[in-house]
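The values are calculated or read from the model by the stated rules, or taken from the named source; none is laboratory data. Just so we're clear, the structure is a prediction, and the values are computed from it rather than from any experiment. Cβ sites come from the backbone with ideal geometry, for glycine too, and all protein chains shown count toward neighbours. These area figures cover heavy atoms from the full protein model, side chains too; ligands, DNA and RNA do not enter into them. Shrake-Rupley method; radii C 1.70, N 1.55, O 1.52, S 1.80 Å.
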Amino acid sequence: ALLAPWFVSSALVCGTGLVICAAVALRAAGYLKWEQADLVKLAKLLAAFLLVDLYFFGCDLLTEGFPAASGAEIVAMLVSGPLAPFFWGEVVLSALAVIICVVPRLRTTPMLVAAGLFAIAAIFCKRVQLLVGGFQVANIDMPAVLTPYTVTDWQGNMATAYQGMV
């Protein structure tokens, strides 16, 4: 149930980050006349969208890693397993982007471009977690015949079949 609004918040983060980068590039090329105050407003909007996205991320981790829940191994895979670089990349890049957008002293034009790029990269890390992480936990034990042509570890079961992908 959380995935749909989380997807929308991620789209808002990427869209706002891209608009900041495009506006700065167009302003530098002379095609657009924007005041710095307008970019600051976009930066504040980006910070709000990032905080909402991080809130959804925290809710997802809390429900998966709740004691006696079945998702504790998924949280462990994200935090310290093969997907940890993408997990921590998302957290650190999002936090850096929020800090840049919220601290008035840091809201210079190059830093706002960096915040936009950090936000886009953070959402990319999240997408890698969702896509590649979905292949790490098997839904069913033996859905089809395992051969060396269909999976990477064809002598095991579905839980080990695609482990080499990450």
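Please turn the phi angles of the range 53-61 into ³J(HN,Hα) values with the Karplus equation 6.51 cos²θ - 1.76 cosθ + 1.60 (θ = phi - 60°), one per residue in order, whole Hz, x for glycine and proline.
Running phi through 6.51 cos²θ - 1.76 cosθ + 1.60 with θ = phi - 60° gives 5, 5, 5, 4, 5, x, 4, 5, 5 Hz.
At a 1.4 Å probe radius, which order do 31, 55 fall into by accessible area, largest first?
Details: 31 185, 55 140 Å².
Putting 31, 55 in descending order of accessible area: 31, 55.
Rounded to the nearest 0.05, what FRET efficiency do residue 88 and residue 59 have when you use their Cβ-Cβ distance and R0 = 22 Å?
Here the calculated transfer efficiency is 0.75.
When all protein chains stay in place, what accessible area (Å², nearest 10, 1.4 Å probe) is found for residue 62?
110
Quick one: length gained pulling residue 70 to residue 99 fully straight, 0.36 nm per residue minus the C-alpha distance?
7.0 nm
How many nm is it between the label spots at residue 40 and residue 25, if each spot is 7 Å from the Cα in line with the beta carbon?
2.6
How do 60, 53 stack up against each other in accessible area, from largest to smallest, with a 1.4 angstrom probe? Display every interim value, and only then the final one.
Numbers: 60 35, 53 0 Å².
Output order, biggest surface exposure first: 60, 53.
Taking R0 as 35 Å, what's the FRET efficiency between residue 2 and residue 32 from their Cβ-Cβ distance, rounded to 0.05?
Given R0 = 35 Å and the Cβ-Cβ separation, E is 0.40.
For the full complex of protein chains and a 1.4 angstrom probe, list 127, 107 by accessible area with the highest value first.
Working: 127 65, 107 40 Å².
Sorted descending by solvent-accessible area, the residues read 127, 107.
Could you compute the net charge surrounding residue 75? Neighbours are other residues with a C-beta less than 11 Å from the C-beta of residue 75; K and R count +1, D and E count -1. Each step should come with its number before you reach the end.
Values: positive: none; negative: 60, 64, 73.
Its environment carries a net charge of -3.
When all protein chains stay in place, what accessible area (Å², nearest 10, 1.4 Å probe) is found for residue 80?
Around 100 Å² of this residue is reachable by solvent.
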